[in-house]
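Structure first, then comments.
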Amino acid sequence: MLLIGSGANIPADNWLLLAPINEDRSSYSPLIVLVVIVGVVLLTVQIVHRYYHGRVRRAPAWDCGYPLQTPRMQDTAEGFGQPIRQVFEPFFRIERELPSPFDSAPRYRMRVHDRAWRALYEPIAKAAEFLARIAGLIQQGRIGVYLTYSFCTLLALLVFVR
């Protein structure tokens, strides 16, 4: 309001308004808002206490309401990870070997091949290995060879500085 040169034309007796503008424009009273919020909360508490019966169905943990489960019916890591694998399946090549429901000793086998690994990381790893082999040829393990390398490096630096 000070930037445009006009002040707030609010009467002194209108201190309950939240926004410092005239009452006829778009102001509301924070006291009325507080009373409405408290009223709604109290009404909600009364409705919940009146109609909530308090009966809770209890069952053993992890049986999904079916008490005759066997260990073969339990969730496995395969079941928890399956949705994530399905989301990322276009990026990977997945080979699955799943048992039939009638196997007495079920075995799960899965191989995941990362397509990006072969395209991006393997060439970088091979280049780093190649450079490491070249650096390995330079390293002889003898102090005389290292002193010769240092002397040649100093001579090269003197030539470049001139």
key: Within segment 45-61, considering residues that are open to solvent by less than 70 Å² (accessible area, probe 1.4 Å) and at negative phi, the one modelled with the highest pLDDT   = 45
ask   = Which numbered condition trips up residue 114, out of (1) of a type in the set (Asp, Glu); (2) touching a strand residue (DSSP E or B) at 6+ places or on another chain (Cβ under 9 Å); (3) under 30 Å from residue 73 (Cβ atoms)?
value = (3)
remark   = Residue count, segment 62-109, condition open to solvent by less than 70 Å² (accessible area, probe 1.4 Å), more than 30 Å from residue 120 (Cβ to Cβ), at pLDDT 80 or above and among the charged types (D, E, K, R), comes to 1
Matching residues, segment 117-162, being under 30 Å from residue 84 (Cβ atoms) and surrounded by 10 or more Cβ atoms within 10 Å (Cβ to Cβ) = 117, 118, 120, 121, 122, 123, 125
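The values are calculated or read from the model by the stated rules, or taken from the named source; none is laboratory data. Predicted model, so just to flag it, every value in this text is computed and none were measured. Backbone-built Cβ (ideal geometry, glycine too); neighbour counts: all protein chains shown. Accessible surface areas use protein heavy atoms only, side chains included; no ligands, DNA or RNA. Shrake-Rupley method; radii C 1.70, N 1.55, O 1.52, S 1.80 Å.
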